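First comes the structure, then the notes that go with it.
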Amino acid sequence: MMLLVPDFSWRELALLALFLLLLYRYTSLTLAIALMALGLLALALLPADLWPSLLSLGTIGVGLGVLAHHCQQRQATLRRQARRPRSYTRPHDEFRT
């Protein structure tokens, strides 16, 4: 039995690098698109009698995606607030005349 040697072309490596770059920059969006593509591929390849059981998995995936997006947005908000904290005393306050 011969071992399979992965034979990557430059196009496949470029697509993999692009996917990894998008995954790094836009994590939740890239994961959501990848999960949708995998779901569509699964629907195309699997027999039709398995489709109703996949709906619950899709719902779980959507819920996890929304949770990941919420956590990522919260982290970005906390980072933004840490860079620029609120100032409660302003030099031009309305009540000081």
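Data table
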item: Extension gain from Ala34 to Gln75, taking 0.36 nm per residue of separation minus the Cα-Cα distance; result: 12.5 nm
item: Qualifying trypsin sites (Lys or Arg not before Pro) in the stretch 33-88, DSSP loop, other Cβ atoms within 10 Å at most 15; result: Arg86
item: Gyration tensor verdict on the stretch 6-75 (Cα atoms; rounded if a/c is under 1.5, prolate if a/b is larger than b/c, oblate otherwise); result: oblate
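Each value in this text was obtained by applying a stated rule to the coordinates, not by laboratory testing. In this text, all values refer to a predicted model and were calculated from it rather than measured experimentally. We place every Cβ from the backbone using ideal geometry, glycine too, and count neighbours over all the protein chains shown.
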